[in-house]
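See structure below.
Read the figures in this text as sums done on the coordinates, not as results from a lab. All values reported here derive from a predicted model rather than from experimental measurement. Note that we place each Cβ from the backbone using ideal geometry, even for glycine, and neighbour counts take in every protein chain shown.
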Amino acid sequence: MDMFRMVADFQEEVLEVPARTWAESIPAERLEFMVKTLQEEVDEFNAGVTEYTRTGDKAAMADALMDVMYFALGHCYQAGINPYIWFSAVHNSNMQKRFASTERGATDAAKPEGWISPEDAAATANKVAEGVFAEVKPKAQCHELFQRANAIMAGKAEDYNSNGVQLGDYFECEEDFICFIRAKYLRLKSLVGSDGAANFESQEDSLIDLCNYASFYYDFLNEKESN
């Protein structure tokens, strides 16, 4: 079930609102509406908690939580925020945290030393997706592999595209793409029979890299055809 696609359908078919891109500005009245609706649903959830402690009925809590999600996804749609990219980035960052007791409660997670915020990588990926918002929220959600590859590519972009060096500098001709892809194939082949165990680059890491190299090659071929 793709909840964002369902909410996007509501925005498009019922409200007749077009999706914004990341670069488009959000009107002040729309921002006020976003804050107001989310606060109203948080208040509804608080009332639901009171109802649950009194009667043991969770229905009001559940309804408020679903409304929070529905409004949040709708606001993503109207703000040009790609929830696939952002949720994947936030999830990957959260998975780096460690169980801990914090001021918020005894069962919580704390950021370890060297923890990296998902904001920069996700924002970069969302900018890349600008103009193709419909394509990154398909009827059937993209496989998790492609979402993770997209988030990792965005994070690495800041490391690899600096000091005047751009992505195109790594691939000067078509054979370069094949060499990179072959290297990942050989890496995967070397791990066969080892149960995927690796000191550094795992099978999963190699598959993500292979996915990204294939997408670079795909873009190269499309650009070649257009020229």
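Extending 7 Å from Cα along the Cβ direction at residue 123 and again at residue 214 yields two label points whose distance is 3.2 nm. The order of 179, 211, 173, going from fewest to most other C-beta atoms within 10 Å of their C-beta, is 173, 179, 211. Please state the shape class of the stretch 1-117: rounded when a/c is under 1.5, otherwise prolate if a/b exceeds b/c and oblate if not, all from the C-alpha gyration tensor. Oblate shape, in that a/c is at least 1.5 and b/c is the bigger or equal ratio.
Compute log10 of I(q)/I(0) for the stretch 40-89 with the Debye formula, placing one identical point scatterer on every Cα and leaving out solvent, at q = 0.13, 0.20, 0.27 Å⁻¹, to two decimals. Those come out to -0.40, -0.68, -0.88, one per q.
When peptides 18-26, 51-59, 3-11 are ranked by their average number of other Cβ atoms within 10 Å per residue, the highest-first order is 3-11, 18-26, 51-59. Close amide-amide hydrogen proximity is noted between residue 109 and 100, each under 5 Å apart and 5 or more residues distant or on a separate chain (H modeled in the peptide plane; Pro and chain starts excluded). Packing, as the average of other Cβ atoms within 10 Å across residues, places the peptides 31-44, 80-93 in the order 80-93, 31-44, highest first.
With coordinates expressed along the principal axes, the C-alpha atoms belonging to the stretch 1-58 extend over 46, 30, 19 Å, beginning with the largest.
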